[in-house]
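Notes follow once the structure below has been shown.
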């Protein structure tokens, strides 16, 4: 299938397939397989195999025959469970997709928001524990994390994950309940729109605070259990 045909298929369920759509659009997808029921890619930056298929038996056959990868994002619970059992994976991170479908940027009034560099590695890793220090180091080296400063002190930060989703959001305790998380998310919405990308986030299914924040800023948070993305590794 040609790229445009693949995207036409994936766009039939934007919320389920936004990871694949984003990777293909930004040129970081190696399309491993595609037909009228399935699209499988390797996301080249984070080396994740992403599987979207309506054919469970085909999905199992692919997992059986294709060389094992360290991480998969599988858009079907039964297939994710199959991969976990086959490869003895110990982690299964369940994420909802939240998409900002507007084209309007947010106004930010003279906020001191800067790209963070490697000197902030320890400052970030002391409170952000979702990923390891090597991951944060890559993010900082590649200028993917932004910090909001108050009186020249880092109050919070946000970034873009390797696969292109908005994330890495954290506000230091002494600066919470002051709207900083909202300002940081607005910043990332604007950055994505400036690159002609669809702003989207992957939210853990049990993260009610993040869901509320995204809804506040006009993201559509898809809570359809059939569209959950399973990160298994």
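How high is the FRET efficiency from residue 71 to residue 178, r the C-beta distance, R0 25 Å, rounded to 0.05? Walk me through the numbers before you get to the answer.
Values: r = 36 Å, r/R0 = 1.43.
Efficiency at R0 = 25 Å is approximately 0.10.
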Helix 77-87 versus the longest principal axis of the chain: what is the Cα-based angle in degrees, 0 to 90, to the nearest 10?
-> 80
Sorting 71, 188 on the 10 Å Cβ count, fewest up front, what's the list?
-> 71, 188
Over segment 15-73, what is the mean sequence separation of C-alpha contacts under 8 Å (at least six apart), divided by residue count, expressed as relative contact order in percent?
-> 24
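Kirkwood-based Rg over Rh for segment 112-197 (C-alpha set), two decimals?
Working: Rg = 12.0 Å, Rh = 12.9 Å.
Result: Rg/Rh = 0.93.
Based on the Kirkwood radius over alpha-carbon pairs, what is the Stokes-Einstein translational diffusion coefficient of segment 48-166 at 25 °C with 0.890 mPa s viscosity, in µm²/s?
Details: Rh = 17.4 Å.
Translational diffusion coefficient: 141 µm²/s.
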With everything on Cα atoms, drop me the angle between helix 180-194 and the longest principal axis of the chain, reported from 0 to 90° to the nearest 10.
-> 60
Beta bridges by DSSP in the chain, antiparallel share as percent, to the nearest 5 | 90
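Classify segment 5-82: rounded, prolate or oblate, from the alpha-carbon gyration tensor (a ≥ b ≥ c, eigenvalue square roots; a/c under 1.5 rounded; otherwise prolate if a/b is larger than b/c)? Could the numbers behind the result be given before it?
Working: a/c = 1.66, a/b = 1.19, b/c = 1.39.
Verdict is oblate for segment 5-82.
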With axes computed from alpha carbons, what is the tilt in degrees of helix 14-26 against the longest principal axis of the chain, rounded to the nearest 10 within 0 to 90?
-> 80
Order of 149, 58, 157 under a 10 Å beta carbon neighbour criterion, fewest first | 149, 58, 157
Segment 175-223 to segment 36-51: how many Å between their Cα centroids?
-> 24
Per residue, what volume in Å³ does the Cα convex hull of the chain take up?
-> 125
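Values in this text are rule-based calculations from the coordinates and carry no lab data. Bear in mind the structure is a predicted one, so any value in this text is a computation, not a measurement. Glycine also receives a Cβ, built like all others from the backbone with ideal geometry; neighbour counts cover every protein chain displayed.
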